[in-house]
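Below: the structure, in structure tokens.
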Amino acid sequence: MSISFEIDEKVTGIARRTTEFVRDVVLPAEESCGGNVHDGPEPLRRRLQEAARSAGVFAPHVSTEWGGLGLDLRGQAVVFEAAGYSLLGPLALNCAAPDEGNMHLLEVVATEEQKERYLRPLAAGEVRSCFAMTEPAPGAGSDPRALTTTASRVDGGWRIDGRKWFISGADGAAFAICMARTSGGPGDAGGATMFLVDADNPGMKIVRNIDTLDQGLFGGHSEVVFEGCEVGDDAVLGAVDEGFTYAQVRLGPARMTHCMRWLGVARRAQDIALERAAARSAFGKPLAELGMVQQLLADSEIDIETSRAVRWRACWELDQGRSAAQHTSIAKTYVSEAVNRVVDRAVQVCGALGISKDAPLSRLYREVRPFRIYDGPSETHRWAIAKRAVRAARDRRASL
């Protein structure tokens with residue numbers, strides 16, 4: 001097995017343009033709104049995306065057939081990290097969650113008619129979307145098999161009933177990809193189906209926007225009710241009862257793109273800490289010459305570089321067409337915790353400045369904490385990692 005860490009010249013060029021674009025256009029926009037875009041100012045999104053298109057960095061993850069730059073996951077890793085340096089960078093490049101994951105899912109699973117209706121405008125930035133799976137307890141969360149939302153057959157289609165919550169980007173989305181149970185019951189491993197539901201469907205309603213620790217996701221996080229929500233047979237995404245299988249098509253790469261974007265945040269926090277350590281003096285010398293500060297800075301460099309390595313390994317496996325379940329879980333767990341450590345250390349190095357609004361670190365600190373929960377909490381991933389490791393050990397022993 002040979003894994004190359006060389007970066008294609010095309011990717012290098014896109015990453016360089018992205019870095020310049022984020023520095024010159026996106027960071028000033030983030031500062032002007034304080035990083036708070038839960039209310040979703042649509043003119044801001046459209047202005048940033050038009051600027052990204054002009055800069056030649058728009059939709060790096062989408063295939064050229066649908067108007068994107070067609071990068072594989074390793075290429076995305078480099079560009080998404082550059083975009084993630086600002087909280088609004090992924091939004092500007094149209095590679096923010098949940099739209100980025102939905103585009104990938106639609107490219108792989110949707111019919112040609114569904115791609116024209118949903119993927120094309122989404123990839124072009126004309127609309128936004130959401131992915132409606134998570135439910136209030138005791139429904140689906142870190143255990144998707146607990147899914148309680150149901151879809152029942154009616155004349156000409158399906159009726160969806162259920163309650164979803166923490167649906168990112170739902171406010172202002174043009175459509176939702178809704179996971180509903182079409183057979184079996186909560187706890188069963190199968191029986192879920194994905195449905196494309198237009199936002200103007202009278203059976204789908206946003207009942208509240210949830211006040212959360214983070215503020216940087218466009219459209220925020222909403223509680224959504226599906227009540228007598230009728231859709232046609234053409235709304236089924238993929239095959240009936242295969243929703244959990246398709247979810248894995250989306251979730252593996254989505255875990256990695258989360259890692260890519262948040263590493264940009266970590267790098268920004270580290271840059272702030274490095275600048276502060278070099279400029280600020282205490283006890284007769286620059287902070288950067290104090291041993292304990294040096295340890296904080298060094299540990300953050302280690303975390304960033306290690307995160308890039310485990311992320312690259314998982315992306316390489318996915319690019320080879322492998323499931324990469326073990327390595328995406330390892331990468332997601334490690335990177336989510338490493339990013340938190342890096343930002344926390346940056347706050348510590350900067351002291352009072354770090355927790356003030358005079359620097360963006362307190363903003364970044366709020367944003368990265370939920371990453372240890374999104375796309376599976378660390379505890380769930382560790383449980384899965386251990387199970388796979390034990391299974392592999394047993395298989396090796398049995399083969400002797």
Report every pair of residues separated by at least 6 positions or lying on different chains whose Cβ atoms are under 8 Å apart, first residue within the stretch 106-130 and surrounded by fewer than 17 Cβ atoms within 10 Å (Cβ to Cβ), second β-branched (Val, Ile, Thr).
Val108/Val249; Pro121/Val127
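Look at Ala282 and say whether it is within 14 Å of Arg345 (Cβ to Cβ) and open to solvent by less than 30 Å² (accessible area, probe 1.4 Å). Break it down stepwise before answering.
Details: within 14 Å of Arg345 (Cβ to Cβ): no; open to solvent by less than 30 Å² (accessible area, probe 1.4 Å): yes.
For Ala282, the condition - within 14 Å of Arg345 (Cβ to Cβ) and open to solvent by less than 30 Å² (accessible area, probe 1.4 Å) - is not met.
Among the residues of the stretch 93-105 satisfying the criterion of being touching a residue at least 60 places away in the same chain (Cβ under 8 Å), open to solvent by less than 20 Å² (accessible area, probe 1.4 Å) and assigned to a loop (DSSP other than H, G, I, E, B), which is nearest to Gly162 (Cα to Cα)?
Here the answer is Pro98.
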Report yes if some residue within the stretch 341-357 is within 29 Å of Ala384 (Cα to Cα), hydrophobic (A, V, I, L, M, F, W, C), in a helix (DSSP H, G or I) and under 22 Å from the mean Cα position of the chain (by Cα); otherwise report no.
yes
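How about the stretch 1-16: which of its residues are in a helix (DSSP H, G or I) and touching a helix residue (DSSP H, G or I) at 6+ places or on another chain (Cβ under 9 Å)? Spell out how you get there, then give the answer.
At the first step, the residues of the stretch 1-16 found to be in a helix (DSSP H, G or I) are 9-16.
Across the stretch 1-16, the qualifying residues are Lys10, Val11, Thr12, Ile14, Ala15, Arg16.
Within the group Ser300, Ser323, Ser378, which residue is of a type outside the set (Phe, Trp, Tyr) and either touching a His at 6+ places or on another chain (Cβ under 8 Å) or over 27 Å from Ala132 (Cα atoms) (or both)? First the steps, then the outcome.
Numbers: Ser323 fails: either touching a His at 6+ places or on another chain (Cβ under 8 Å) or over 27 Å from Ala132 (Cα atoms) (or both); Ser378 fails: either touching a His at 6+ places or on another chain (Cβ under 8 Å) or over 27 Å from Ala132 (Cα atoms) (or both).
Result: Ser300 is the single residue among Ser300, Ser323, Ser378 that is of a type outside the set (Phe, Trp, Tyr) and either touching a His at 6+ places or on another chain (Cβ under 8 Å) or over 27 Å from Ala132 (Cα atoms) (or both).
Residues checked against (1) assigned to a helix (DSSP H, G or I); (2) in contact with a Phe, Trp or Tyr (Cβ under 9 Å, 6 or more places away or on another chain); (3) open to solvent by 20 Å² or more (accessible area, probe 1.4 Å):
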{"site": "Gln294", "(1), (2), (3)": "yes, no, yes"}
{"site": "Glu305", "(1), (2), (3)": "yes, no, yes"}
{"site": "Val339", "(1), (2), (3)": "yes, yes, no"}
{"site": "Tyr365", "(1), (2), (3)": "yes, no, yes"}
{"site": "Asp375", "(1), (2), (3)": "no, no, yes"}
{"site": "Trp383", "(1), (2), (3)": "yes, no, yes"}
{"site": "Arg397", "(1), (2), (3)": "yes, no, yes"}
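Yes or no: Val240 open to solvent by 40 Å² or more (accessible area, probe 1.4 Å) and touching a residue at least 40 places away in the same chain (Cβ under 8 Å)? Steps first, please.
Values: open to solvent by 40 Å² or more (accessible area, probe 1.4 Å): yes; touching a residue at least 40 places away in the same chain (Cβ under 8 Å): yes.
Taking the combined requirement at face value, the residue satisfies it.
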When the residues of the stretch 142-153 are narrowed to those that are open to solvent by 30 Å² or more (accessible area, probe 1.4 Å) and assigned to a loop (DSSP other than H, G, I, E, B), which ends up modelled with the highest pLDDT?
Thr148
For Val343, all conditions in the list (1) open to solvent by less than 20 Å² (accessible area, probe 1.4 Å); (2) out of contact with any Asp or Glu (no Cβ under 8 Å at 6 or more places or on another chain); (3) more than 18 Å from Asp214 (Cβ to Cβ) hold save one; what is the number of the exception?
(3)
Among the residues in the stretch 226-235, are any open to solvent by less than 10 Å² (accessible area, probe 1.4 Å), modelled with pLDDT under 95 and not charged (D, E, K, R)?
no
Look through Ala51, Ala82, Ala77 and report the one residue that is under 30 Å from Ser222 (Cα atoms), touching a helix residue (DSSP H, G or I) at 6+ places or on another chain (Cβ under 8 Å), open to solvent by 10 Å² or more (accessible area, probe 1.4 Å) and at pLDDT 95 or above.
Ala51
Out of everything in the stretch 16-48 that is more than 18 Å from Arg363 (Cβ to Cβ) and touching a Gly at 6+ places or on another chain (Cβ under 9 Å), what residue ends up being most open to solvent (accessible area, probe 1.4 Å)?
Arg46
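The values are calculated or read from the model by the stated rules, or taken from the named source; none is laboratory data. These numbers come from a predicted model, not from an experiment. In this analysis, Cβ positions are derived from the backbone assuming ideal geometry, glycine residues included, and neighbour counts consider all displayed protein chains. For accessibility, only protein heavy atoms count, side chains too; no ligands or nucleic acids. Shrake-Rupley method; radii C 1.70, N 1.55, O 1.52, S 1.80 Å.
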